[in-house]
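Structure first, commentary second.
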Amino acid sequence: MSLLGVTGLNVALTGSPYPILRDVDFSVEPGEILALVGESGSGKTMAALAVMGLLPLGIEMTAGEVHLDGNNLARSDGTVDRDASQISMIFQQPVGALNPTMRVGHQVARAIQINQQLDRNSALQAAINTIGHVGIPGPERVARNFPHQLSGGMCQRIMIAMAISCRPRLLIADEPTTALDVTVQAQIFELIKALVEEIGCGVVFITHDLGAVVEMADRVSVMYGGQVMEELPVSELLNQPLHPYTRYLLESVVQEVDHRVEDVGVDFALTGCRFGHRCLLAHEPCNEFPQLREISPGHRLSCIEKMTQTP
Amino acid sequence: MTLYPSSASDRPTDSPFVPQRIFVPTELSLPRRWISFMRTNPLFTVGLFLLSAFVGLAAIGPFFVGDPLRTNITEMFSPPSADHLFGTDEYGRDVFARAVHAARLDLTIGLIIAVVAMTIGSTVGVIAGYFGGRVDEIIMRLTDVLLAFPGFVLALIIVAALDESLLNVVIAVAAAYVPYFIRLTRAQALVEREQEYADAAQLAGNTPIRIAFRHVMPNSLRPALVSATLVTGWAVLTVAGLAFLSVGIQPPQAEWGVMVGEGASDIITGEWWTSLFPGGMIVLAVMAFHFIGDDLTETRA
Amino acid sequence: MRKYLLKRVATSLLTILGIVVVVFFIVRVLPGDAAAVRAGPYANQELIDRIADKYGLNDPLHIQFVDYVGGVAQGDLGISIRTNQNVTTELLDRLPASLELALYSVILATAVGVSLGVLSAHWQNTWIDRLLRIFAVIGSAMALFWLGLLLTFFFAFKWGWFPGPVDRLAVGSEYPRTVTGFYTIDGILTGKPSITVEAFRYLALPVMALAFVLAAPILKMVRSAMIEALESDFVRTAKAVGVPQTRILFVDGFRNALIPITTTIGIVFGFMLGGNILVEFLFSWPGIGRYAFDAITTRDLEALQGFVVLVGVMYVFLNMVIDITYAIIDPRIRLGSGLTK
């Protein structure tokens, strides 16, 4: 049984018929790293926030189930009943994601206190331990600092400390290294992989960087325009992606082909495939929403064209 | 419908906090779209209606009401009635007529002050922001000093030093608001001068002055224009406040502040209409400016 | 931090110098004939000449300037044309009355503005929020003088809850021995609490009028600062970790909103120094605002410039205090960017 199973996730602006996320499906096994890949605006962060129950004011989950270890956390009113020991999340822009007026040690301790029924002093001590555990030297000293006094890499480690201190079953990492240097990036990746080994949690790794995907993930889910286009093991990503959009992505990165494909010029219904307006293979049947279907074990595809073209 | 304050507009588009504008689907007919707009921006709509009412009143009202200066002792202090909508004051003058004429005076003056302050302030602000360095420092120091005076007090002392005339009132109150516009435009100019088009203009061989005024300035005006409605409201309040003290505009001129000032002592003897109505009009007019101005500043997208 | 403090004090002193220069310019240079303006519209040439002599208005400008600045530096703001008294003394005599009024107004306005602002932010976009925002707009648009009139009419004359606008205490009342100059406090300090009560009764209406107008911008700023804090990334992190909503509101939200809120309180105080004149006139309050009004009606430019300089200096001082408070509250300023050892 999967650790995390998200099915039929639909997210929209409150009161609007135009969906932000359309029938999003993905799952994560224990100890597995799933990469959620897409351009800006593809909805990957939104999907994560929906799972976390952190959708902002004015945006709501209109349908979907979020199964953790088999239990559906999503309630009928669109909220998600989750606590930090189930699913935890780390964010982009680590310095901004920490409270500027609170010492970092205190922030981690607070997370521990809330989730582990410890008293203040024990929580603080546990916090210092965790901070040391994520690779920060001299944790007692660092804990007394405020976020603006620390580097981006250190702040991200602090956030990771906050997230894992609750021993979550699943960790969601939203572009954790986009704002950091490449060298620090590598360190953070190593840290996450080590923690996965140690705690045995699953990871949803959100990124727009295909290089990071190859380095970190076991499986990949490709999104565009709020729709999951393709889901496949990373090994197959490099060899034979089937979805037109995935191929575009790869070709832009690997072969540096400029695929800034402009609108094809045909108006596709808003209920159809979200890539339709940029897809060279698009035609009439693409006006109907292509469901995510399994094309081979572990490989799912959302494309009418390609499904009818099985080699 | 806008959802979030525009301060979030510089976040990456993947972030959930991007302001999402929902456009009414264009399939709806024109009146339906208006109704929809009014529903989603209620305060702005109210402000717009109120302001239009006042502008209408100011523009054509004076042609229909009586003479604001005509006295008639026999009718003094008569309460509001069909003949005199707002009653009469101690000289028997029709309060409504005076209020309508005052509307024209106050709104016009408020607007002129705002425009003058914006023009001067924006010019200076762009110069400070674009040229930077010494020029900027000097201008900012001066602005800081001017801002150390509460606006009302500054206007007060300038009018006191000069003659009592309408022109001087405009000068004095505008002077109080110029620093505000300087700050606003300067901040925007600082941003604009880093934009690509400024570089392009420079490469094309334009002189700095030309770039500053022809290219940077129009783009730096946006926050100032947005604030213009609010400033007009403030200007009306300030002018009325001064007039209440008989500074700048004095009796028997028909001006809202003057009327409240004249009517202040009437309250004790129970004649509330001489000061309540003109005062109420001030509040309504300024509220209209605020409803519009606040909405504009919040959805600056 | 120390460097920041020094820099701030230096800037303030420079600004004060600027204030003095600007006031001098307005009061001595702007008027066509400085002596004639001061002498008033009914003066004859002899009076004008006498005034010009007495105030040195015929001296070359730079000498006037040096005299003036020198005087101000020593605390001498000149002689009032109307009363022939030392302006500084007259102002200082009346200052406590104005300060007492100002203090209570700001306290009330802050209490109301902050609590309503937090409420408004928490219930953003609900009817509560809409109502509060309309309330804020009314407050901003309110003509202070009109509100004061209204309050007087209803509460003093119609319903008699509070006394009419006469003074700080009833006519013929005993005045407390001066310790602070604040009747509300002196009453208690000198063992005569009835004076304190009476002082509060007379303060009630003007304070309510001022507080209503001052609360509006505070409410707006608190609301917007709280909303911005609540929508920020770090609040999202706190929610992700499971911090309960009330804790988030007060600890994460409010602490970070304190900074723009403090600025607003400064601005509000500044406004109030100007609103002073209107309220003090309406309520016959014997403060510096009333003094300024009397100076205006008699074209007493000497007294008026003293008032403006005093107000300017108070404002600069206030801003400096606020900036320094900032530096203490905000760890980003207090600690700089290096790691704490």
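The trypsin sites (Lys or Arg not before Pro) of segment C:9-67 include none that meets both criteria, a DSSP state outside H, G, I, E and B (loop) and at most 11 other C-beta atoms within 10 angstrom of the site's C-beta. Relative contact order for segment C:95-336: 27 percent, from Cα pairs under 8 Å spaced at least 6 residues apart, divided by residue count. Within segment B:134-217, the GluC sites (Glu not before Pro) that combine a DSSP coil assignment with at most 10 other C-beta atoms in a 10 angstrom radius are B:Glu194. Phi angles of segment A:194-210 translate, via the Karplus equation with coefficients 6.51, -1.76, 1.60 and θ = phi - 60°, into HN-Hα couplings of 4, 5, 4, 4, 6, 8, x, 7, x, 10, 9, 10, 8, 7, 10, 9, 5 Hz per residue; Gly and Pro are given as x.
The distance between label points at C:Ile328 and C:Asp53 comes to 5.4 nm (points 7 Å beyond Cα on the Cα→Cβ vector). Counts of other chain beta carbons within 10 angstrom of each beta carbon in peptide B:283-292 average 4. Zone of C:Tyr175 (label point 7 Å along Cα→Cβ, backbone N under 12 Å): which residues in segment C:75-104? Taking a point 7 Å out along Cα→Cβ of C:Tyr175, the residues of segment C:75-104 whose backbone N falls under 12 Å are C:93-97.
Ignoring the sites themselves, chain C has its longest run without chymotrypsin sites (Phe, Trp or Tyr not before Pro) in a DSSP loop having at most 13 other Cβ atoms within 10 Å at C:162-341.
Residue by residue, segment B:97-107 carries 3J(HN,Hα) couplings of 4, 5, 5, 5, 5, 5, 4, 4, 4, 5, 5 Hz when phi is fed to the Karplus relation 6.51 cos²θ - 1.76 cosθ + 1.60 (θ = phi - 60°); x denotes Gly or Pro.
Using 0.36 nm per residue and subtracting the Cα-Cα separation, the extra length available between A:Glu65 and A:Thr79 on full extension is 4.0 nm.
When the C-alpha to C-alpha distance is required to be over 29 Å, the pairs from A:Lys44/A:Lys193; C:Lys7/C:Lys54; A:Lys44/C:Lys220 that qualify are C:Lys7/C:Lys54; A:Lys44/C:Lys220. What is the sum of charges, Lys and Arg at +1 and Asp and Glu at -1, for the other residues whose Cβ falls under 12 Å from the Cβ of A:Gly8? Within the 12 Å Cβ shell, the charges total -2. Taking Cα atoms only, the orientation of helix B:222-244 departs from the longest principal axis of chain B by about 30 degrees.
Considering only B:Tyr180, B:Tyr197, B:Tyr130, the Gaussian network model of chain B with Cα springs below 10 Å gives its largest mean-square fluctuation to B:Tyr197. Residues whose amide H comes within less than 5 Å of that of A:Tyr224, counting only those at least five positions distant or on another chain, are A:Met229 (H built at 1.01 Å from N in the peptide plane). As a length-normalised measure over Cα pairs under 8 Å and 6 or more apart, the relative contact order of chain A settles at 20 percent. Among the DSSP helices (H) of chain C, those spanning at least 20 angstrom by Cα along their long axis with an average Kyte-Doolittle hydropathy of 1.6 or more are C:301-329; this is a geometric and hydropathy rule only.
If we count GluC sites (Glu not before Pro) as exposed when they sit in a DSSP loop and have at most 12 other beta carbons within 10 Å, what is the longest stretch of chain A that avoids them all? Answer - A:1-255.
Measure nothing fancy, just the Cα-based angle from helix A:244-254's long axis to the longest principal axis of chain A, in degrees from 0 to 90, nearest 10. Computed tilt is about 60 degrees. Working note: Karplus 6.51/-1.76/1.60 with θ = phi - 60° gives segment A:163-174 the couplings 5, 7, 4, 8, 6, x, 6, 9, 10, 10, 10, 8 Hz, where Gly and Pro are set to x. Counting Lys and Arg as +1 and Asp and Glu as -1 over every other residue whose Cβ lies under 15 Å from the Cβ of C:Leu149, the net charge comes to -4. Shape class for chain B: oblate, because the ratio a/c of the largest to smallest gyration tensor axis (alpha-carbon atoms, square roots of eigenvalues) is 1.5 or more and b/c is at least a/b. Taking the longest Cα principal axis of chain B as reference, the axis of helix B:151-161 is set at about 60 degrees. Residues whose amide H comes within less than 5 Å of that of A:Ile59, counting only those at least five positions distant or on another chain, are A:Thr14 (H built at 1.01 Å from N in the peptide plane).
Here's the picture: charge each Lys and Arg Cβ at +1 and each Asp and Glu Cβ at -1 in segment C:193-285, and of C:Ile195, C:Val213, C:Leu273 the one pushed furthest to the positive end of that dipole is C:Val213. Mean partner shielding of peptide B:53-62, defined as the number of other chain Cβ atoms within 10 Å of each residue Cβ, is 0. Across peptide B:155-168, the mean count of Cβ atoms from other chains lying within 10 Å of each residue's own Cβ comes to 5.
Across segment C:200-341, the relative contact order, built from alpha-carbon pairs under 8 Å that are at least six residues apart, equals 21 percent. Taking the Cα centre of the protein assembly as shown as reference, the dipole from Cβ charges on Lys and Arg (+1) and Asp and Glu (-1) amounts to some 1420 debye. Amide H to amide H, with H built 1.01 Å from N, C:Gly78 comes under 5 Å of C:Val87, C:Thr88, counting only residues 5 or more places away or on other chains.
A short reminder: the numbers here are calculations on the coordinates, not readings from a lab. Keep in mind that this is a model prediction, so the values were computed, not measured. With ideal geometry, Cβ positions are generated from the backbone for all residues, glycine too; neighbour counts draw on all protein chains shown.
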